[in-house]
């Protein structure tokens, strides 16, 4: 059974012979009712504060959960970025290696082509040199032939005089 301050104030006792002083009992009951009333008000105040603290605790727990989830998401995102960056760097390195191999291959092929072209040019130079020597030899023979012919022509002229 729950007793309220009002119950204490309005409580009536039967009078008996040689009983308690009614005035004293009434004053005591008033004091008890006031104290009980203050305690009830204090209890209500504490209850409200407790409810408010509970609400705040729930808010903070929700915030903590959100922050924890955000942190986990950020860690996952960070890990994914790191993994993607590593993959991308590996791809770039592989592409650079392939491009480097292509450049080296191209340079080797160009080197071979230039060596072949130099060999062909040397061969053509030798042919031209040979052709020039043959031509010069032919011209020399022609000149010598003209000189012989001139010598015979002079003999003929000399004889004819």
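Computed from the coordinates by the stated procedures, all read-outs in this text should not be read as laboratory data. The structure presented is a predicted model; accordingly, all values stated were derived computationally and were not measured. Using ideal geometry, Cβ is built from the backbone for each residue, glycine included, and neighbour counts are taken over all protein chains shown.
Cα-based Rg of the chain per 2.2 N^0.38 Å, rounded to two decimals? The chain yields a ratio of 4.16. Of interest is the spacing of the C-alpha centroids, which for the range 59-79 and the range 91-150 amounts to 75 Å. What the Kirkwood sum gives for the range 1-87 is a hydrodynamic radius of 18.6 Å, with every pair of different alpha carbons counted. Among 20-29, 74-83, the peptide with the highest mean count of other Cβ atoms within 10 Å heads the list, and the full ranking is 20-29, 74-83. Relative to the longest principal axis of the Cα atoms of the chain, the long axis of helix 22-160 lies at roughly 0 degrees.
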